[in-house]
């Protein structure tokens with residue numbers, strides 16, 4: 001049967017439109033190629049095996065896994081039908097427990113062990129990491145056209161700070177990092193509604209994600225008021241009733257959970273505020289300072305873009321801004337731990353891959369952080385030395401980020417240098 005050329009051209013045009021639409025959806029780029037599906041599934045299998053191992057070796061109420069002390073009693077209350085007790089006995093990040101409760105309750109059907117419940121609750125967090133890695137690998141290709149897959153996947157699965165987060169019972173840091181990175185990328189691409197929902201979910205997951213809100217709003221090319229409203233509604237659906245129950249129940253950390261300002265008695269040396277002293281005003285208000293610094297950084301970046309024009313790659317700049325505020329979140333927090341840096345590593349990795357660079361900085365800081373911030377500090381090293389060592393590690397990177405993001409013309413100079421390097425790499429040598 002013969003078909004007219006007009007009908008064939010129309011069908012081809014329709015197929016092209018469908019392909020273009022699929023590639024612009026939030027997850028479309030992951031499943032654009034069959035190889036990406038294989039990579040994603042392989043990463044999910046690998047992440048699941050790592051979770052099984054780490055959950056098993058940390059399965060002890062006296063061990064390093066905080067799940068058994070912080071979340072297991074709350075999930076037991078929920079399994080018994082005591083929803084209010086579940087909210088009130090949960091840790092300050094009980095919003096993350098709410099998000100993951102449907103999966104956590106599955107092992108409770110057959111009276112599963114705490115380790116099984118931890119596995120079920122952590123599974124969506126660790127699965128998010130290989131999905132992020134697959135998406136990052138599909139963004140930029142090497143000069144020969146092959147995608148960068150191995151580096152992002154290895155860093156998302158085997159980075160020491162990621163492993164410590166899962167082993168220590170805090171996989172929610174992984175989920176929060178993925179949500180923030182995805183939300184900022186979508187915001188910079190103009191996907192306002194999707195971006196706002198993801199950032200709102202990140203805030204529910206853990207209060208530190210408030211630092212990503214001004215970054216996402218600054219990255220949005222327009223409709224910022226709509227984005228802010230959707231973010232507030234998404235987060236408020238869970239956080240408003242949860243906070244009200246905790247406040248009325250007399251939970252000692254309820255106000256800190258609601259406002260993100262509770263410090264308590266923890267004061268770890270690896271942080272930039274160590275020398276001010278634990279009872280200093282700046283330390284007692286460190287959580288508010290973290291949020292204010294994120295807002296200031298986002299405003300300065302927005303003002304520079306308004307003055308000098310939009311950057312060549314708005315997504316890359318927004319990811320670098322996100323990495324900066326996430327690093328400040330760690331460096332200014334009196335509770336600073338090595339696993340707090342997981343979202344920062346993800347944002348830095350996303351920036352390097354988006355900028356068509358090998359993830360050297362993400363790898364370097366993944367390794368350096370566990371050296372500077374060991375799980376148990378050596379007895380012969382003073383607290384002041386640890387604080388100084390941490391400052392020496394993060395201050396140069398913060399200074400470079402500030403220059404790259406806020407200095408007039410710095411973005412254009414960096415882009416020009418990057419183009420020059422790319423041209424030199426791709427040009428044939430004289431002997432060829």
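A short reminder: the numbers here are calculations on the coordinates, not readings from a lab. If you're wondering where the values come from, they're calculated on a predicted model, not measured in any experiment. Cβ sites come from the backbone with ideal geometry, for glycine too, and all protein chains shown count toward neighbours.
Here are the numbers for this structure:
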| quantity | calculated |
| --- | --- |
| Residues residue 150 and residue 56, FRET efficiency given R0 of 35 Å [Cβ-Cβ distance, rounded to 0.05] | 0.80 |
| Mean Cβ neighbour count within 10 Å, used as a protection proxy, ranking 198-208, 309-319, 38-48 highest first | 198-208, 309-319, 38-48 |
| Estimated inter-spin distance, residue 232 and residue 34, nm [label 7 Å along Cα→Cβ] | 5.0 nm |
| Residues in the stretch 268-302 reached by a label modelled at residue 368 [backbone nitrogen below 18 Å; 7 Å Cα→Cβ] | 270-273 |
| Computed E for residue 306/residue 223 - FRET, C-beta separation, R0 22 angstrom, nearest 0.05 | 0.85 |
| Burial ordering of 383, 222, fewest other beta-carbon atoms within 10 Å first | 222, 383 |
| Added length on full extension, which subtracts the Cα-Cα distance from 0.36 nm per residue, residue 105 to residue 66 | 12.2 nm |
